[in-house]
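The values are calculated or read from the model by the stated rules, or taken from the named source; none is laboratory data. Because the structure is predicted, anything quoted here is derived from the model rather than measured. Glycine gets a Cβ as well: all are built from the backbone with ideal geometry, and neighbour counts include every protein chain shown. Accessible surface is based on the protein model in full, side chains and every heavy atom, while ligands, DNA and RNA are left aside. Shrake-Rupley method; radii C 1.70, N 1.55, O 1.52, S 1.80 Å.
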Amino acid sequence: MISLSQRSQSVTPSSTLAITAKINALIADGVDVVKFGAGEPDFDTPDYIKYAAIEALNAGFTKYTPVPGTPELREAITEKFKRDNGLSYEPAEVIVSCGAKHTIYNIFQAICDPGDEVIFAAPYWVSYPEQVKLAGAVPRVIETTPAQNFCMAPDQVEAAITPKTKAILVNSPSNPTGTTYDLDTLKAIADLAVKHQVYLISDEIYEALLYDGATHQSPASFNEETKAITFVVNGMSKAYSMTGWRIGYTAGPEDAVSAMSRIQSHSTSNPTSIAQKAAVVALNEPQDAVEEMRKAFEERRDVICQRFDEIEGISYARPQGAFYIFPDFSAHYGRTLGGNKVKNSMDMTDYLLNSAGVGVVPGDGFGADNHLRLSFATSLEEINRGLDRIKKALQ
């Protein structure tokens, strides 16, 4: 039998996409399931963005574009960074890819050699360790706790840095926890990256979804030394409810961005032409629709936290952004539920799905097996209906 590559065999599939497919299959079979699995807004893409795509389609804008994105979109992105983040970039320092996931993949491909190390926190987004491994590098995972808001402490980061460290990755607001880094911690980590001359990758895809009056500051804005080594990653999926449009982007060191463009030229080429046209309009027009979605998510955050407060044995770190909550269910491990002993997050996920009709994502894929991830990117009615079921299932 002809063997597959060791690289392909070392990569595990996305647990979030797997559980979403399982939930959707049950629903297609007529099963009533309350869905907390999807990592995407439940709102439709705003009409003015869709109309821009339709106009581009009707105008015949359906051919190849430059690999790193159209000049128009890269210019709109530099204006967004200036307006929202106080950052000045040239279009040559910006590349547009097929979603922020693809952007981060390209970064690792451009900067990592075999044996290099990338530091990031657990809980982590499921694709971080797999993408690092696909680049031949080694994930250096720092364990964090709810007491530290699931954020790496600077002393933990410094202790993890070795001569092989190539990058430190920070995700704020976080998927899966919804927590954010405070400014002092972020500055201290950025200073470590400058001190040791390693890249800083700042995944800011949930930047627009912050609660309780919080504001976002990109570490690239701290000073020129930090900016020179930082990749600021963002995209259209979360803020504009454009998950299927597949537009992500980064600004960073020009030599690295050029390398990413060379890599992308041999994989996807350019992102979809009409989606790029829509992204220009999304970035340039007033952001009222984004704020409406943010307010709705904040209300849902309040409700889902209140409902979890009512369930004995469940603890969580209160989300400050994104649309996820990451509660600890481990107090219920060891119990026999639905006729089976629950030993871990996958067992609990199966029990809630099969016995209670609630779809959640197990924490093991995020490096935190005591937890489950619930997305509150769903209606208040569904949140209450789902939490009623979870409460009853655990009683």
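Details
- Counted over the chain, the DSSP beta bridges are approximately 45% antiparallel.
- Surface calculation, 1.4 Å probe, protein heavy atoms: K35 sits at approximately 100 Å² accessible.
- Over 27 Å (Cα to Cα) - which of K101/K227; K35/K63; K35/K82; K50/K238; K80/K164 fall in this group: K35/K63; K35/K82; K80/K164
- Summary of the geometry: the range 108-123 and the range 193-265, compared by the centres of their Cα atoms, lie 16 Å apart.
- Structure-derived Cα extents along the principal axes in Å - corresponding label in (i) 74, 53, 39; (ii) 58, 58, 53; (iii) 101, 45, 38: (ii)
- Unit charges at the beta carbon, dipole of the range 237-361: most positive-side option, A251, F329, L353: L353
- Dividing the mean sequence gap of close Cα pairs (under 8 Å, 6+ apart) by how many residues the chain holds gives a relative contact order of 23 percent.
- Sum of side-chain charges, K50 neighbourhood, beta-carbon under 14 Å (Lys, Arg +1; Asp, Glu -1): -3
- Nearest 10 degrees, 0 to 90: helix 380-394 Cα axis against the chain principal axis: 50
- A simple count of charges around F231, restricted to other residues whose Cβ falls under 11 Å of its Cβ and scoring Lys, Arg +1 and Asp, Glu -1, yields -2.
- Shape category assigned to the range 242-395 from the gyration tensor of Cα positions, a/c cut at 1.5: prolate
- Listed residues C305, A38, I229: farthest to the positive end of the dipole of the chain (Cβ charges): A38
- Using alpha-carbon coordinates, inclination of helix 183-196 to the longest axis of the chain, degrees: 50
- Taking all protein chains as shown and a probe of 1.4 angstrom, R318 keeps an accessible surface of around 110 Å².
- S258, S355, S345, reordered so the largest accessible area comes first (probe 1.4 Å): S355, S258, S345
- Between the range 305-325 and the range 349-363, the alpha-carbon center distance in angstrom: 17
- Estimated at 0.36 nm per residue, the fully extended path between D388 and E310 surpasses their Cα-Cα distance by 27.1 nm.
- Helix 47-58 and the longest principal axis of the Cα set of the chain meet at an angle near 50°.
- Surrounding net charge for E207, when Lys and Arg each add one and Asp and Glu each subtract one, Cβ distance under 14 Å: 0
- Stretching the chain fully between Q156 and E224 yields a gain of 22.0 nm (0.36 nm per residue, less the alpha carbon separation).
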